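Readers should treat all values here as calculations from the given coordinates under stated rules, not as data from a laboratory. Everything numeric here is computed off the predicted structure, so don't read it as measured data. All Cβ positions, glycine included, derive from the backbone under ideal geometry; neighbour counts span all protein chains shown.
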Amino acid sequence: MIDFRHETFYRLCQLKSYTKTAEYLHLTQPAVSQHIRYLEKLYGGALFEYNGRRLTLTRRGERLYRYVQVLRADTQKIGEELQNVHTEHPSVYFGATLTIGEYVMPGVLHQILQEHPNFHIGMIVENTQKLLQQLSEGIIDFALLEGYFDQSKYGSRLLSREKFIPVCSPDSPLAGKTVSFDAVTSHRLILREKGSGTREILEQALKEHNYSLDSFEQVCEIGNMNAIKELVSRGDGISFMYLQAAARQLQKGELAEFQIEGFSAGHEFNFVYLAHSVFEERYLQWFDMISKAYQKDKPIR
């Protein structure tokens with residue numbers, strides 16, 4: 001269990017200020033300093049250092065921060081477990097990024113609930129950054145991510161590798177053709193907001209070909225994938241998305257795929273959790289269930 005000095009350390013890591021940490025915890029600033037000195041003595045060295053006027057973690061501090069994140073999350077979950085000790089049915093609360101949550105998980109959850117009708121399941125759909133934050137805070141048990149994350153800070157398992165494709169209206173001059181990047185950048189690009197996994201994948205793919213979002217004459221940000229597909233189908237621009245997300249519209253002829261010379265992109269869908277958690281074995285059992293259900297339900301390979 002986490003004690004009050006580790007909580008002070010955690011908040012100082014978050015706020016990067018002794019003054020703000022003291023205000024947040026309703027402590028004096030000397031009390032905050034005393035808590036940190038106690039931990040530094042306990043763990044044998046400095047946890048923070050100043051880089052100019054900026055407070056930063058030392059390597060020892062970074063490692064302790066990761067452990068404290070896990071301890072805080074586990075402490076919360078242990079409390080929930082004990083409060084619901086008489087609950088008979090397994091429960092889970094997890095997060096998924098938009099593409100996975102909207103286009104993958106409905107079929108997966110259907111498979112799981114068919115086999116385990118008494119399970120209590122909760123899922124939120126958010127962008128990668130928000131899900132990682134909620135994972136670290138113990139709000140969710142695990143996350144299913146399409147975006148980039150620091151694999152050194154989390155436990156993870158590969159769920160699948162997915163194809164990432166450019167799409168346009170069936171009436172677009174690009175439809176079904178292979179064109180150059182220069183021909184593409186003259187079209188309006190419609191994409192997700194900052195922090196979304198899909199946008200991060202696109203930005204990285206463009207960078208690998210010496211392009212960026214600024215290469216496009218017009219860029220339109222939309223926070224909803226269905227709205228993006230609707231605008232693209234009406235000819236208001238082009239977009240890039242996972243094949244799974246566009247599959248239904250491609251089959252119906254509402255969207256069209258096109259090729260870009262030298263462009264081939266894909267990315268991993270990952271199951272992410274807090275490594276070293278006391279609940280790690282349970283999380284990996286959920287990964288096995290989700291993975292098996294996904295392979296059974298997946299229509300496109």
Under the helix-only model (-39500 (n - 2.57) for each DSSP H run of 4 or more, divided by the residues of the chain), the mean residue ellipticity at 222 nm, to 500 deg cm²/dmol, is -14500 deg cm²/dmol
Show the residues, 5+ positions off or on another chain, whose built amide H is closer than 5 Å to the amide H of C220. L189, I190, L191
A correct Karplus calculation of ³J(HN,Hα) over region 243-248, with 6.51 cos²θ - 1.76 cosθ + 1.60, θ = phi - 60°, whole Hz and x for Gly and Pro, returns 4, 4, 6, 9, 3, 5
Anyone know which of H187, H209, H267 comes out most mobile in the 10 Å Cα GNM of the chain? H209
Looking at the chain as a GNM with Cα springs under 10 Å, which of L243, L144, L132 has the largest mean-square fluctuation? L243
For region 190-301, with equal point scatterers placed on the C-alpha atoms only and solvent neglected, what are the log10 I(q)/I(0) values from the Debye formula at q = 0.13, 0.19 1/Å, to two decimals? -0.66, -1.12
Under the rule of at least 5 residues apart or a separate chain, name every residue whose amide H is placed under 5 Å from the amide H of M241. I165, V167
Phi to ³J(HN,Hα) by Karplus 6.51 cos²θ - 1.76 cosθ + 1.60 over region 155-168, Hz, x for Gly, Pro: x, 7, 9, 6, 8, 5, 10, 10, 7, 10, 10, x, 10, 8
Would you please classify the overall shape of region 1-148 from the alpha carbon gyration tensor, given that a ≥ b ≥ c denote the square roots of the eigenvalues, rounded means a/c under 1.5, and beyond that prolate means a/b larger than b/c while oblate covers the rest? prolate
For region 191-207, in order, what is each residue's ³J(HN,Hα) by Karplus, 6.51 cos²θ - 1.76 cosθ + 1.60 with θ = phi - 60°, in whole Hz (x at glycine and Pro)? 8, 6, 6, 4, x, 7, x, 4, 5, 4, 5, 5, 4, 5, 5, 5, 4
I'm spelling it out carefully: the read-out is volume of the Cα convex hull per residue in Å³, the candidates are [x] 109; [y] 159; [z] 134, and one was derived from this structure. Which label? [y]
Could you pull out the GluC sites (Glu not before Pro) across region 212-263 that fall in loop regions by DSSP (anything but H, G, I, E, B) with no more than 11 other Cβ atoms inside 10 Å? E217
Long-range amide H contacts for S91: which residues qualify at under 5 Å (H placed 1.01 Å from N, peptide plane, sequence gap of 5 or more or a different chain)? H120
Semi-axes of the equivalent ellipsoid for region 4-76, Cα gyration tensor, largest first, Å: 17, 16, 12
